[in-house]
Each structure stands twice: as C-alpha cells, then as structure tokens.
Amino acid sequence: ENGSAAAIPIDPRFDIAYVTPVTIGTPPQTLYLDFDTGSSDLWVFSSHTPESQVRGQRIYSPEKSSTAKLLAGHTWSILYGDGSGSLGNVYTDNFTVGGVTVTSQAVQTAQQVSYSFTSQSEIHGLVGLGFSTLNTVFPNGQLTFFDNAKSTLDSPVFTADLKWKKEGTYDFGFIDETKYTGEITYLPVQTDPGYWTFTSSGYAVGDGAFHPASIVGIADTGTSLTYLPAEVVTSYWGQVDGAVDSDYYGGYVFPCSSKLPSFTFGVGPANITIPASYINYAQITEGSPVCFGGLQSSSWLGVNIWGDVALKAAFVVFNGANPPTIGWAKK
Ligand SMILES: CSC[C@H](NC(=O)[C@H](Cc1ccccc1)NC(=O)N1CCOCC1)C(=O)N[C@@H](CC1CCCCC1)[C@@H](O)C(=O)OC(C)C
C-alpha cells in the first residue's frame, strides 16, 4: 500500500520546519508531526506531557485508543543538534500517514519536552526517518515508521518534495515521475551511525567555476538551513556585499538589499542549484535591514548538513533497499 502526505511549512514567512498530518490509534487521533531524516524516534506530545509544557499542541492520548498497548519497562530520551530534547515512555498503536498504516508502530509519548518544543505550537512531535539504529528506546530499540512500512510498500522508498514557502509532499512506496525533471542521480549512502550520509562532488557559487570536492554530509529534512565546510561558505559569502560572519547573530548575516548568488552542489556527474531566494533566509527580526543566510558554516557542528534550504531545491529519493542509496533530481 503506497501513500502520499503533505509537507506543510509551519511559518508563512520562512521555512523553519515542515509538518505532516498523521493519525494514531482507534478511533484515529490526528497530529501534525515533523518528519525528520536526521533522527529515528517517533515521539508525540501526549496526555503524559505536563500541562505546563503544552502550549497549543495537539496531544495523543493512548488511554483513549482501544488499540494502544504500553511497551512496559521501555523509556526513551533524545537530544537534537540544536540542543532541544524530550523523553518519556512508549506505546505501540496503529499509525497512518497518507494512507499507509503500520498496526503496531512504537509511539513514544513525551513525559518531558524542552522549552523550544513547548514554544513551537505547530509541531506536535517528530517522525524519525533516519536508520533505526539511531532509535533511543531502552532497553530494546524500536523500528521507524519507514522500516515497519517497507514490506507493505510497492518499493522500499520514500521521497521528499519540499517547497519554498509552499506545501510539498512526502511519498511512500513509489517515485512520482511528475515531481521532477531529467534523470535521478543515485549516490551510495553510508548508514553508520544511522544518518542518510552521502558525498557531494563539489560546488559552485553563482555562475562561477565548479570546484570539485568531496563533501560528506547528511540529508536532513529536520534541519531548516544548510551547514557546509567553512571554506565553502566563506567563498559563497565573499561574493555578497556587506556579508559578515556575526558572533552576535550566530552566523552569516548580510544587508537584506544585497544581491545573492545561487549555490550549486554536485551530485555525482549531475548537480542541484539552490536559488538565491532560498539562501536569503529571513530578516533577523520583522522589518530589520539585516538578513540571516540560509547557508551557514558546519564547523561548530562536526557534520555537514544538507537541510531544508538545499532539499527544497530538489526531488530527493530515500531508497531503503539493500544497500540503501539516495537519489537527487532537479524539479
Ligand atoms: C543544525 S542541527 C539543528 C537542527 N535544528 C534546526 O535546524 C532548527 C529546527 C527547528 C524548527 C522549528 C522550531 C525549532 C527548531 N532550526 C534552527 O535551528 N534554526 C536556527 C537558524 O535559523 C533557522 C532555524 C536539529 O537539531 N535538527 C533535528 C530535528 C529538529 C526538528 C525540529 C525540532 C528540533 C529538532 C535533527 O534533524 C537533528 O538533530 O539532526 C542532527 C543530525 C543535527
């Protein structure tokens, strides 16, 4: 059984994250979750989350679901790259996304969430789409929705068609030829430690020369921006009048009136171009003449991350076959 579900930007001004409607339990409870290829826990705001930590989010109440079963003795605790985190206990229940149902999906119910989750009312939890080796449930790690659903899909794949300030889609089990142009270029994936890690073949700034390079990074739908090696982002921002790497703002900022070049990255013999508009990420604050860049240095992270700013410039195939591969196409 294949499926298709919307990827909805949570903020009309800039694409900080995308959420997708899912239903959990019997009768179905609908929540909007952030599908995150950079992690592998499926967790939700729940009736176990202290009211002081819930601010407008929808919650999953296992006690109201006739198909919910407590996974006794199991707990989880996760910390994300941005310092946010959550922890709690675990149920299994029916879980449906875009028509694809898994009947005993591990649903991790939050008993604690950090303030950044409390303050983000549009995100009701996460669906991890990384490799199940990253799942934090103790003492027995659980499988992701994709790993559970794979055997019921026509093909063991899901695709991401994220869009700039518009609704996109996640498809499960099939590749929709109408969503991309030209050919899909598939690259090998390194599954250790559990991210969708691939090697880009280089980059170009605007219409400049292509610089062959091997940039090892992860494709991460749960990261808003794109974080690349210092020498890459320095050569990009060097082309922008008034751009500075600001300690105060925590990254490259530039005068909103400056003209930005596009950014092209290599995928094998092919390439993807991120339009300048995607890299003009947001004004620092509403009405400010200072803008924050969508391309930032990864030096503080220890990993290069192709986040939403890059992913929304392409049609991306996450192929869960053995061995896994990742496919990139223009659109
Ligand atoms: C550079 S790594 C930082 C990354 N977080 C982000 O990219 C967050 C996502 C967010 C969305 C909405 C509200 C709050 C935060 N955005 C962020 O830090 N921003 C600061 C710069 O301007 C853009 C927004 C991150 O931690 N990603 C997580 C998933 C993410 C989903 C949303 C809630 C917070 C957790 C995950 O993909 C991850 O940890 O990846 C690892 C591999 C770094």
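The values are calculated or read from the model by the stated rules, or taken from the named source; none is laboratory data. Being a predicted model, the structure only gives us computed values, none of them experimental. Here Cβ is always computed from backbone atoms with ideal geometry, including for glycine, and neighbour counts include all displayed protein chains. All accessible areas refer to the heavy atoms of the entire protein, side chains included, with ligands and DNA or RNA removed. Shrake-Rupley method; radii C 1.70, N 1.55, O 1.52, S 1.80 Å.
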Residue-normalised value, i.e. accessible area per residue, for the chain at 1.4 Å probe, in Å², stands at 41 Å²
Any lysines whose Cα falls less than 22 Å from that of K166, other than same-chain ones fewer than 8 residues away, would be K179, K312, K330, K331
Comparing G266, G251, G307 in a Gaussian network model of the chain (Cα, 10 Å), the one with the largest mean-square fluctuation is G251
Burial-style ranking of 236-249, 37-50, average other-beta-carbon count within 10 Å with highest first, yields 37-50, 236-249
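Tally Lys and Arg at +1 and Asp and Glu at -1 over the other residues with C-beta under 12 Å from the C-beta of W237: what net charge comes out?
The answer is -3.
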N304 neighbourhood, Cβ < 15 Å, K/R = +1, D/E = -1, net charge -3
Which residues qualify? For Q112, with a placed amide H closer than 5 Å and at least 5 residues away or on another chain, they are L87
Descending packing, highest mean Cβ count within 10 Å first, for 312-323, 124-135, 80-91 is 124-135, 312-323, 80-91
If each part is reduced to its alpha-carbon centroid, segment 22-93 and segment 232-274 end up apart, in Å, by 37 Å
Carbon plus sulfur, as percent of the 1.4 Å-probe accessible area of segment 120-166, comes to 51 percent
Ranked output for segments 97-109, 285-297, 67-79 by mean other Cβ atoms within 10 Å, highest leading, reads 97-109, 285-297, 67-79
